[in-house]
1. Could you check the stretch 124-139 and list, in sequence order, the residues that are farther than 13 Å from residue 200 by Cα, assigned to a helix (DSSP H, G or I) and either of a type in the set (Gly, Ala, Ser) or out of contact with any Ser or Thr (no Cβ under 8 Å at 6 or more places or on another chain) (or both)?
2. Can you name the number of the only condition in (1) out of contact with any helix residue (DSSP H, G or I) (no Cβ under 6 Å at 6 or more places or on another chain); (2) of a type outside the set (A, V, I, L, M, F, W, C); (3) within 20 Å of residue 199 (Cβ to Cβ) that residue 169 fails?
3. Of (1) surrounded by 14 or more Cβ atoms within 10 Å (Cβ to Cβ); (2) without any contact (Cβ under 8 Å) to a residue 24 or more places away in the chain, residue 173 satisfies all except one. Which?
4. With the stretch 243-335 as the region, which helices (runs of 4 or more DSSP H) entirely inside it contain at least 2 residues that are surrounded by fewer than 16 Cβ atoms within 10 Å (Cβ to Cβ) and of a type in the set (Val, Ile, Thr)?
5. If residue 131 meets every condition in (1) at pLDDT 90 or above; (2) over 35 Å from the mean Cα position of the chain (by Cα) apart from one, which number is that one?
6. If only one of 154, 183 is surrounded by 13 or more Cβ atoms within 10 Å (Cβ to Cβ), part of a helix (DSSP H, G or I) and in contact with a Phe, Trp or Tyr (Cβ under 9 Å, 6 or more places away or on another chain), which one is it?
7. Just to verify a result, which residue in the stretch 157-170, among those that are in contact (Cβ under 8 Å) with a residue 60 or more places away in the chain and among the small types (Gly, Ala, Ser), is surrounded by the most Cβ atoms within 10 Å (Cβ to Cβ)?
8. Specify the residue that is farthest from the chain's Cα centre (by Cα); the eligible residues are those in the stretch 114-128 that are loosely packed, with under 15 Cβ neighbours inside 10 Å and of a type in the set (A, V, I, L, M, F, W, C).
Amino acid sequence: MTTPYQQQPQAPAAPQGPPQGHPPVPPPAAQPGPGPQPGPPSGQPGHPGQQPAQQVPPQAPPQGAPFGGFAGGPGYVSPIPVRRTHLGHALAAEWTKIRTVRSTVWTLSIMALLVFGIGFLVTSFTSGSDYRGTSPVTNGLFGLMLGQICVITLGVLVVTSEYGTGLIRTTFTAAPQRHRVLLAKAMVFFTVSFTVTTAVCALTALLASGVHSGPEVAEATGEQWAGVTVGAGLYVSLLGLLSLAIGSLLRHSAGAITAMLGLVLLPTIVAPLLMISESMKPLAETMMDYNAVNSLMTIHQVSAGEDGTKQLLVLAGVTLSALIAALAVQDQRDV
């Protein structure tokens, strides 16, 4: 018995033959079916219409790791020789930096031009009778008063230029012992500045003594020759080293240069004003004796008396204190 909702089964339609007058069409070739697909993992029911996940082949170990182990794993030996770093590596790196940047060439060239150029002009416009009380080897003093500013600027830029460009991060990544980096900078800078300054001062003194010679010209003693060459170079280089320490503490080029210019120029300007007050006169006299201009004059022995040893010792003490403070702070900072 059938209900209205049930459908009677229909007989399959008879296959139709080709039209009359045409040859029979051959059946299409059988297409290759897809290959066997991997079934679902054991324990998990398969879902119809869902493709199984493809298995990722295991990664091969990196090349160079012996016994199939990964780099850094147990039993790994690096094919690259590993050497422990030391201060010599830092010195080589800082020497490469200071001799390849433009600031070194510009500042030292201008310093040499000022010292030798002004000394040459003074020598050209004077005669032998002008040197009865002093020796012509002191002619380099006038240019060195301005040339010291160039060395101060270079001392600041040796440190702060890397902070300004952000390359200090790369430096500290390559050399995690930061005090070693600062010590290498100080050693390389002091060597370069002392060598160049002493050579320029010696060349200027030789020129002046060669042009002005005779019985009316005062002869320079060995102590005076040492003062106008080694003493002058040492004083200016210590000023530059102090600038390097201040730059490391402040980490800012403009701020460090301004601070050093104030330290060099302010005592010369303020000391005469303090002489007005009787209570401030001892301080004013001390500032007059140990400011940069008077110290260079004392080292050059323009007038008979001291040889500038006190001024050199005071500047060396101040520079050493600032450098120790910079080394102590260097390892405590983030960058």
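1. Residues satisfying the conditions are 124, 128, 129, 130, 131.
2. Here residue 169 clears every test but (3).
3. (1)
4. Where helices (runs of 4 or more DSSP H) fall fully within the stretch 243-335 and carry at least 2 residues being surrounded by fewer than 16 Cβ atoms within 10 Å (Cβ to Cβ) and of a type in the set (Val, Ile, Thr), they are 253-274, 309-330.
5. Checking residue 131 against (1) at pLDDT 90 or above; (2) over 35 Å from the mean Cα position of the chain (by Cα), the one that fails is (1).
6. Unique residue meeting the criteria: 154.
7. 161
8. In this case the residue turns out to be 125.
The values are calculated or read from the model by the stated rules, or taken from the named source; none is laboratory data. Not measured: the values here are computed from a predicted model. Cβ sites come from the backbone with ideal geometry, for glycine too, and all protein chains shown count toward neighbours.
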